[in-house]
Amino acid sequence: MKKTAVVTGGAGFLGSHLCDKLIAEGIKVICIDNLLTGNIENIEHLMGNENFLFIKHDVTNFIHVPGNVDYILHFASPASPIDYLKFPIQTLKVGSLGTHKALGLAKEKNARFLLASTSEVYGDPVVHPQKEDYWGNVNPIGPRGVYDEAKRFAEAITMAYNRYHCVETRIVRIFNTYGPRMRLNDGRALPAFFGQALKGEDITVFGDGKQTRSFCFVSDLIDGIFRLLMSNEVEPVNIGNPEEITIEEFAKEVVKLTGSKSRIIFTELPEDDPKVRQPDITKAKSILNWEPKISRSKGLEITLNYFKSKLNV
């Protein structure tokens with residue numbers, strides 16, 4: 001009998017790719033999304049597939065799903081700075097109430113639960129690269145705290161359900177990810193730089209551009225998440241690409257790749273913006289036999305073609 005997975009936030013960038021992966025693995029998918037930041041276009045190709053069902057619903061309210069459920073993957077949340085600063089209360093609610101409701105469904109259905117957490121639980125880290133046993137350096141009352149603390153709470157309640165209710169749980173800490181279905185206006189450096197370069201606008205780099213990020217292509221990330229779902233690892237696992245680059249260097253890469261005449265200009269660094277970000281993936285390598293395979297040059301080329309199609313350039 002086919003297994004069934006519920007994916008909250010399934011119409012989002014990562015959620016939609018996850019729906020694709022699960023269906024490709026022979027699993028029926030129930031996608032739940034209220035489309036606050038998700039986009040129905042991301043899952044249009046799945047409509048009509050007998051192994052896919054879309055339910056428009058806000059997961060901060062009670063979740064009812066008929067029949068058996070084997071897996072619940074909780075990906076519902078605004079996940080980019082422009083979104084969680086625009087929807088701070090919704091971000092906190094989906095990380096707390098939404099996670100509670102999704103865990104309640106997992107308990108009711110005796111389903112395995114996977115939480116999409118984030119490298120943002122490490123805040124502006126003083127440990128580099130970031131390992132899973134690092135507790136982080138987060139400003140709980142800063143503007144980014146609405147996302148960081150929502151995810152930290154989500155991890156805490158997930159572990160509580162594991163220990164107290166014996167729910168099978170998994171936690172993935174996702175590092176910067178890119179690829180097709182990203183929104184050009186989502187506020188992240190990568191789509192912002194591509195959008196500006198393709199339109200011939202100045203590329204705006206925050207601060208002095210010396211802060212670092214580590215970019216993982218979406219197919220690699222989804223592979224890592226699926227492996228974690230099928231593993232026995234209860235405690236958090238970093239999934240990301242450890243290849244670190246400064247934001248200024250990355251902006252130069254985008255200019256070169258697009259052949260743009262855009263100038264790079266520097267603007268004020270947002271409050272609590274992390275200075276460094278690089279996953280230690282030792283745990284993922286040893287437990288999941290996972291590491292990223294897609295080079296940044298290949299991944300950026302695929303992503304560029306996607307953005308070009310969106311902008312008709």
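Quick look at the values:
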| item | result |
| --- | --- |
| Subset of segment 51-95 (residues that are more than 17 Å from the chain's Cα centre (by Cα) and touching a residue at least 60 places away in the same chain (Cβ under 8 Å)) | GLY67, ASN68, VAL69, ASP70, TYR71 |
| For ASN110: the one exception among (1) out of contact with any His (no Cβ under 6 Å at 6 or more places or on another chain); (2) closer than 23 Å to THR169 by Cβ; (3) crowded, with 20+ Cβ neighbours inside 10 Å | (3) |
| From GLY136, GLY145, residue being on the phi > 0 side of the Ramachandran plot, assigned by TED's automatic domain parsing to the domain that holds ASP33 and buried (at least 16 other Cβ atoms within 10 Å of the Cβ) | GLY136 |
| So GLU271, is it out of contact with any strand residue (DSSP E or B) (no Cβ under 8 Å at 6 or more places or on another chain) and under 18 Å from PHE215 (Cβ atoms) | no |
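The values are calculated or read from the model by the stated rules, or taken from the named source; none is laboratory data. Keep in mind the model is a prediction, meaning the values are calculated, not measured. FYI the Cβ positions are ideal-geometry reconstructions off the backbone, even for glycines, and counts take in every protein chain you see.
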